[in-house]
Structures are given as structure tokens and as C-alpha cells.
Amino acid sequence: MNVILLGPPGAGKGTQAKQLEEEFNLVQLSTGDMLREEVKAGSELGQTAKKIMDAGELVPDDLIIAMISDRMDQAEGKNGVILDGFPRTTPQAEALDAMLTEKNIQLDHVIQIEIAEEIIVARLSGRFGCAKCGAGYHDEFKPTQIEGVCDDCGSTEFIRRSDDNPETVRNRLAAYEKQTAPILPYYAAKGTLQKVDGLGEIDEVYRRVKEIVSGGS
């Protein structure tokens, strides 16, 4: 089973992908994480990507597709993959389709997680994490049990992403609407797009996602 999770920043794609990965023995492929891993490993692809990113340019689609293709080859023995954060544009969706066709791999589900902009702004602008162990928290939805102390490791040092502020979040959402939202009709025309309400507790949203993949997997 191969799944694409779509939705704006803060919709919960990564969280849902982790749960699908564990329950269905899938491999989560997050292009951002993969790029960082390739750069850190110093692979040929990573070195090429690093030069491009250091120059302030976007990594070309063909390199991203090559990276996904390689990871799919490495996923042998698993039941499929979850693409989180890719594709972002229609040309990327078309390139992904071409690669999957070449490998004779079927794309089973494209799931769009829908959620209101104001809720996303509240979600993202309150996020922070432990600087030592990486545990994630939120000012409103998931504060530390003891103020200023990490629940997991006891550290008192925390970090916040510089782009997790209301103005920047709104800009990121606007960029999503302009660049990524247009691929929704592309998948709708293929009959693979299904929508899920992203509002609610994590497990509640996951039940909606699981209902889709279980019904067609």
C-alpha cells in the first residue's frame, strides 16, 4: 500500500504518517528529513543537494524523485511507503507518477487533511521543543508537566522554530495555497483523492485516516 498525505503546514501529516507507519508496516518518506540525512551522510546525492541549498536555490525535482526512488528500493520487505510533504506541485506529481509507473508500483491513496487556517496558526505558533532530546510541546495543547522542565529528559533548555510565528505561518499557508493546493484536482481527476477532517484529537483523526486505507488496502 502506497499513500500520499497532503495538507497545509500544521495539518498533522507527519503525526498521522507515523501512526500509519507503525500499524501497517510502511516506510514514511519525508523529503525534508531525507535531504538532511543525505547531506549528513555525505552521499553523492547529498553533496549535490547541499551545494544547491547552500546557494539558496531549491533542490530540483529530478533529484528529489531520485532520492524517493532509492528509498523505495530500500523499503523491500515492507508493505509500502507514505509520502509526507511530497509532491508539492503538479510537475512533481507528474514526475512521481512516471517513476511509479516505471517501477510498476501502484499509488493506492492520496489523503488530504483539511483544517481551518486559524487553527493551524494557533497550532504552529505555540510549538516548542526540548533542545536536548527533541521532545515536542505546545504552549496550549501540550505544555510540560512542570513548567520549564522537559518531561522526558529533565532538561530546562527549549527551542522554537524561527518561522513558527503567526505572520510567518500565514505566509507559509499562502504559499501552500498557491503552489500545492492546485495538485488536488490532479489527483481528484485520477479518482485517488480522499479528504479527511483534521480537526480533533490525534487518535480521532487517525481513525478517519485508517478507515480510508483499511477500506482499500
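The values are calculated or read from the model by the stated rules, or taken from the named source; none is laboratory data. Note that the structure is a prediction, hence the values are computed from the model and not measured. Note that each Cβ is placed from the backbone with ideal geometry, even for glycine, and that neighbours are counted across all protein chains shown.
So here's what we get for this one:
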| item | result |
| --- | --- |
| In the stretch 123-150, the residues that are part of a strand (DSSP E or B) and either within 22 Å of Pro166 (Cβ to Cβ) or touching a Pro at 6+ places or on another chain (Cβ under 7 Å) (or both) | Arg127, Phe128, Gly129, Gly136, Tyr137, His138, Lys142 |
| Scope the stretch 119-133; condition at pLDDT 90 or above, out of contact with any strand residue (DSSP E or B) (no Cβ under 7 Å at 6 or more places or on another chain) and not β-branched (Val, Ile, Thr); matching residues | Lys132, Cys133 |
| Within the stretch 69-95, tally of residues that are part of a helix (DSSP H, G or I) and in contact with a Phe, Trp or Tyr (Cβ under 7 Å, 6 or more places away or on another chain) | 3 |
| Cross-chain or 6+ apart pairs with Cβ under 8 Å, the stretch 114-127 first and closer than 20 Å to Tyr206 by Cβ, then of a type in the set (Phe, Trp, Tyr) and outside any helix (DSSP H, G or I) | Arg123/Phe141; Arg127/Tyr137 |
| Filtered residue count, the stretch 96-120, keeping only those that are part of a helix (DSSP H, G or I), more than 17 Å from the chain's Cα centre (by Cα) and of a type in the set (A, V, I, L, M, F, W, C) | 4 |
| Residues satisfying the stated conditions in the stretch 2-18, i.e. under 21 Å from Arg170 (Cα atoms) and in contact with a strand residue (DSSP E or B) (Cβ under 9 Å, 6 or more places away or on another chain) | Leu5, Leu6, Gly7, Pro8, Gly10, Ala11, Gly12, Lys13, Gly14 |
| Residues of the stretch 177-198 classified as farther than 15 Å from Pro91 by Cα and either modelled with pLDDT under 90 or buried (at least 18 other Cβ atoms within 10 Å of the Cβ) (or both), total | 5 |
| Selection count where residues are modelled with pLDDT of 90 or more and either among the small types (Gly, Ala, Ser) or buried (at least 18 other Cβ atoms within 10 Å of the Cβ) (or both), scope the stretch 73-115 | 17 |
